[in-house]
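One structure below.
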Amino acid sequence: MKKKCLIIDDEPLAIEIIKAHVSKIPNLEVVATCHNALEGFEVLKTQEVDLLFLDIQMPLLTGIEFIKSLSNPPKVIFTTAYREYAIESYELEAVDYLLKPISFDRFFKAVNNYFKRIETKTIVVSKETSSDDSSGHIFVNVNKKHHKILFNEIVYAESLKDYVCIHTLNGSITTKDKISDFEDKLPSCFLRSHRSYIVNLNMVTAFTSQDIELGNIEIPIGVSYKKSVMESLK
């Protein structure tokens, strides 16, 4: 089933570029386009939207103000000409942050990140592979609120510069932390497979010498981590 997309941007040319990019991806479709956030709000009241491509600097209401106003927003990929909003976008758990002009290869990478996030919800944990140290939890700080995350619900963690995006069975959450520091807080059932990734060994469904599979998700194995990863998995 195709995922339904909404594009909100006050620049007609930007809308056309994103529409053209979406048309090249078979499992996405654009259900509506809007030139400001208020129009987008009206669309969301009547249309089911899975993924939002959202400009930030717009008249009446910025993209960030718009997302903050929604009680249950769809997944969002910000599209903007301004770099300075990147950190705030990650705090809002944005899938990605695209700088204009947006090339198709960069657009495709962002969309792939979206599908990785939603696929984490389909992974089933085997009762036979639970580790003794996977019980317990961690609290992570997001916008001055501490969120409880169970270790046995974490699928993998991903470094986003000074932030860590924690992908769980129930969705994703982004916190300000270095991935090395975050790794130190995890029990031994978690494995650093790459400088940017930590995986939950209980979620591993297959692996090769190049990557680890967590259901439909492929996580790369870094060269410097390969020896320890292979020893842990075998």
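The values are calculated or read from the model by the stated rules, or taken from the named source; none is laboratory data. No experiment lies behind these values; they were computed from the predicted model shown. With ideal geometry, Cβ positions are generated from the backbone for all residues, glycine too; neighbour counts draw on all protein chains shown. SASA here: full protein model, heavy atoms, side chains in, ligands and nucleic acids out. Shrake-Rupley method; radii C 1.70, N 1.55, O 1.52, S 1.80 Å.
Could you count how many residues in the range 191-230 are of a type in the set (Phe, Trp, Tyr), in contact with a strand residue (DSSP E or B) (Cβ under 6 Å, 6 or more places away or on another chain) and at pLDDT below 95? Please lay out each step first, then the result.
Step one: filter the range 191-230 for residues of a type in the set (Phe, Trp, Tyr), giving 197, 207, 225.
Still in the running and in contact with a strand residue (DSSP E or B) (Cβ under 6 Å, 6 or more places away or on another chain): 197, 225.
Filter once more, keeping what is at pLDDT below 95: 225.
Count: 1.
Under 18 Å from the mean Cα position of the chain (by Cα) and open to solvent by 10 Å² or more (accessible area, probe 1.4 Å): is that true of Asn36 in this structure?
In short, no.
Name the single residue, out of those in the range 186-216 being out of contact with any helix residue (DSSP H, G or I) (no Cβ under 8 Å at 6 or more places or on another chain) and part of a loop (DSSP other than H, G, I, E, B), that is most open to solvent (accessible area, probe 1.4 Å).
For the range 186-216, the residue satisfying everything is Gln210.
Does the range 57-79 contain any residue that is farther than 25 Å from Phe115 by Cβ and at pLDDT 95 or above?
Within the range 57-79, not a single residue is farther than 25 Å from Phe115 by Cβ and at pLDDT 95 or above.
What pairs come out if I take residues in the range 135-157 that are open to solvent by 10 Å² or more (accessible area, probe 1.4 Å) and pair them with residues that are of a type in the set (D, E, K, R) and assigned to a loop (DSSP other than H, G, I, E, B) whose C-beta lies under 6 Å away, six or more apart or interchain?
Qualifying pairs under 6 Å: Ile138/Lys185.
Any residue at all in the range 42-57 that's hydrophobic (A, V, I, L, M, F, W, C) and open to solvent by 50 Å² or more (accessible area, probe 1.4 Å)? Spell out the reasoning first.
The first filter runs over the range 42-57 and keeps only residues hydrophobic (A, V, I, L, M, F, W, C), leaving 43-44, 49, 51-54, 56.
Add one more test, that the residue is open to solvent by 50 Å² or more (accessible area, probe 1.4 Å), and what stays is none.
No: zero hits.
Pull out all pairs, ordered by first then second residue, where Cβ-Cβ is under 9 Å, the residues are six or more apart or on different chains, the first lies in the range 201-221 and is farther than 14 Å from Cys189 by Cα and without any contact (Cβ under 8 Å) to a residue 60 or more places away in the chain, and the second is of a type in the set (Lys, Arg) and in a loop (DSSP other than H, G, I, E, B).
From residues that are farther than 14 Å from Cys189 by Cα and without any contact (Cβ under 8 Å) to a residue 60 or more places away in the chain, there are no pairs.
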